[in-house]
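Asks: Quick one: the structure is below, and I'll ask about it shortly.
The values are calculated or read from the model by the stated rules, or taken from the named source; none is laboratory data. This is a predicted model, so every value here is computed, not measured. Neighbour counts are summed over all protein chains in view; Cβ atoms, including those assigned to glycine, are modelled from backbone coordinates with ideal geometry. The protein model used for the area step is the full one, side chains on, heavy atoms only, and it has no ligands, DNA or RNA in it. Shrake-Rupley method; radii C 1.70, N 1.55, O 1.52, S 1.80 Å.
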Amino acid sequence: MNLKNIFLILAIGAALIFVYKAGSSSEPNQSAPSTKVENGVQIVDLVAKGGYSPRIIQVQPNLPIKLKVETKNTFDCSSAFHIPSLKISKSLPPIGISEFDIPALTPGQSLEGNCSMYMYRFTLVAKS
């Protein structure tokens with residue numbers, strides 16, 4: 001086996017490890033504690049750093065949503081925040097909380113957001 005083949009095998013192995021670790025994150029896919037209701041509005045907390053956490057958030061249908069996106073020394077593409085269906089697009093500050101008013105979702109409806117490169121995504125899902 002020559003050096004070129006060894007390098008290729010090592011590169012493929014490293015790529016497979018990266019894909020496995022990215023897909024098997026220890027963070028939960030859903031998080032009930034990230035939502036609460038205040039004065040008839042759902043408050044949804046989302047962290048943007050190296051992606052969005054949690055990635056899937058269950059919300060109550062027929063209640064408007066205030067999405068609070070927190071950045072914590074965020075310098076990756078998750079700071080380029082988008083919700084295409086609502087025409088929301090904003091560069092988030094490296095540190096802080098940005099708020100977005102989201103209209104109520106109907107039962108079963110979902111709303112997707114992403115970074116500018118579509119690498120990182122999150123989904124709000126309305127379930128009763």
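Asks: Which one of LYS72, LYS90 is in contact with a Ser or Thr (Cβ under 9 Å, 6 or more places away or on another chain) and open to solvent by 30 Å² or more (accessible area, probe 1.4 Å)?
Replies: Values: LYS72 fails: in contact with a Ser or Thr (Cβ under 9 Å, 6 or more places away or on another chain).
Checking each option against the conditions leaves just LYS90.
Asks: Could I ask something else about it? Taking the condition of being in contact (Cβ under 8 Å) with a residue 24 or more places away in the chain and either assigned to a loop (DSSP other than H, G, I, E, B) or open to solvent by 70 Å² or more (accessible area, probe 1.4 Å) (or both), how many residues in the range 75-87 meet it? Step through it out loud before you land on a result.
Replies: Just the residues of the range 75-87 that are in contact (Cβ under 8 Å) with a residue 24 or more places away in the chain, to begin with: 76-86.
Now restrict to residues that are either assigned to a loop (DSSP other than H, G, I, E, B) or open to solvent by 70 Å² or more (accessible area, probe 1.4 Å) (or both): 76, 85.
Within the range 75-87, residues that are in contact (Cβ under 8 Å) with a residue 24 or more places away in the chain and either assigned to a loop (DSSP other than H, G, I, E, B) or open to solvent by 70 Å² or more (accessible area, probe 1.4 Å) (or both) number 2.
Asks: Out of the residues in the range 114-128 meeting the condition of being open to solvent by 20 Å² or more (accessible area, probe 1.4 Å) and of a type in the set (Gly, Ala, Ser), tell me which one is nearest to GLY40 (Cα to Cα). Reasoning before the result, please.
Replies: Initial filter on the range 114-128 (open to solvent by 20 Å² or more (accessible area, probe 1.4 Å)): 116-121, 123, 125, 127-128.
In the following step, the residues that additionally are of a type in the set (Gly, Ala, Ser) were identified as 116, 128.
On the way: SER116: 31, SER128: 15 Å.
Within the range 114-128, the match that is nearest to GLY40 (Cα to Cα) is SER128.
Asks: Follow-up question, since we're still on this one. Does GLY96 satisfy the criteria of being open to solvent by less than 80 Å² (accessible area, probe 1.4 Å) and assigned to a strand (DSSP E or B)?
Replies: Working: open to solvent by less than 80 Å² (accessible area, probe 1.4 Å): yes; assigned to a strand (DSSP E or B): yes.
Considered against the rule, which asks whether it is open to solvent by less than 80 Å² (accessible area, probe 1.4 Å) and assigned to a strand (DSSP E or B), GLY96 comes out as yes.
Asks: Further question on the same structure: Tell me, which residue of the range 99-113 that is open to solvent by less than 60 Å² (accessible area, probe 1.4 Å) and within 21 Å of GLY40 (Cβ to Cβ) is nearest to the chain's Cα centre (by Cα)?
Replies: LEU111
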